[in-house]
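**Q** The structure that follows is given in the form of structure tokens.
Bear in mind that the values in this text are calculations on the coordinates, not laboratory data. Note that the coordinates shown come from a computational prediction; the quantities given were computed from them, not determined experimentally. Neighbour counts are summed over all protein chains in view; Cβ atoms, including those assigned to glycine, are modelled from backbone coordinates with ideal geometry.
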Amino acid sequence: MLGFIIYSHINLTNTCNKIINICDNIEDDIQQNKKSDGIKNSIALKDYIQNSYSLLTAYLNHADLDNILIETIKLSEYIEYDNESDIFATLHAIKHSTSTIRKLQKPTLNNIF
């Protein structure tokens, strides 16, 4: 059981870090007017979250991941139609939600007892 918890936590941390890094890359793409790269990265982000979904839901509430996935789907549409304010708002929402999940799942004495 302890092995599963350790493995799940490491996987969650790595997944959250990768999601945030991809969001940073998308943000850079948009700021540099590389719309096609932004779309490719947003689709890659959606695919990455979907591929990680089943393992993460064993450890997390699926509603948290659903919200991030929905925002990711919106993101690709916002990029497609050049809606910059919504692009950056959505990117920050994804990064904030991901950071919050990572912080809440960090094992502490308060979480255990």
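**Q** Within segment 64-93, how many residues turn out to be buried (at least 17 other Cβ atoms within 10 Å of the Cβ) and of a type in the set (S, T, N, Q)?
**A** Residues in segment 64-93 being buried (at least 17 other Cβ atoms within 10 Å of the Cβ) and of a type in the set (S, T, N, Q): 3 in total.
**Q** Just name the residue that is nearest to residue 67 (Cα to Cα) out of those in segment 4-25 that are surrounded by fewer than 16 Cβ atoms within 10 Å (Cβ to Cβ) and among the hydroxyl-bearing types (Ser, Thr, Tyr).
**A** Result: 13.
**Q** Hey, residue 28 hits all of (1) surrounded by 13 or more Cβ atoms within 10 Å (Cβ to Cβ); (2) in contact (Cβ under 8 Å) with a residue 12 or more places away in the chain; (3) charged (D, E, K, R) but one; which does it fall short on?
**A** Single failed check for residue 28: (2).
**Q** In addition: Among the numbered conditions (1) exposed (fewer than 14 other Cβ atoms within 10 Å of the Cβ); (2) without any contact (Cβ under 8 Å) to a residue 12 or more places away in the chain, tell me where residue 58 comes up short.
**A** Single failed check for residue 58: (2).
**Q** Here are some residues: 72, 100. Which one is under 14 Å from the mean Cα position of the chain (by Cα) and over 30 Å from residue 1 (Cβ atoms)?
**A** 72
**Q** All but one of (1) out of contact with any Cys (no Cβ under 9 Å at 6 or more places or on another chain); (2) closer than 18 Å to residue 11 by Cα; (3) free of Cβ contacts under 8 Å to residues at least 60 places away in the same chain hold for residue 107; state the number of the condition that does not hold.
**A** Against the list (1) out of contact with any Cys (no Cβ under 9 Å at 6 or more places or on another chain); (2) closer than 18 Å to residue 11 by Cα; (3) free of Cβ contacts under 8 Å to residues at least 60 places away in the same chain, residue 107 comes up short only on (3).
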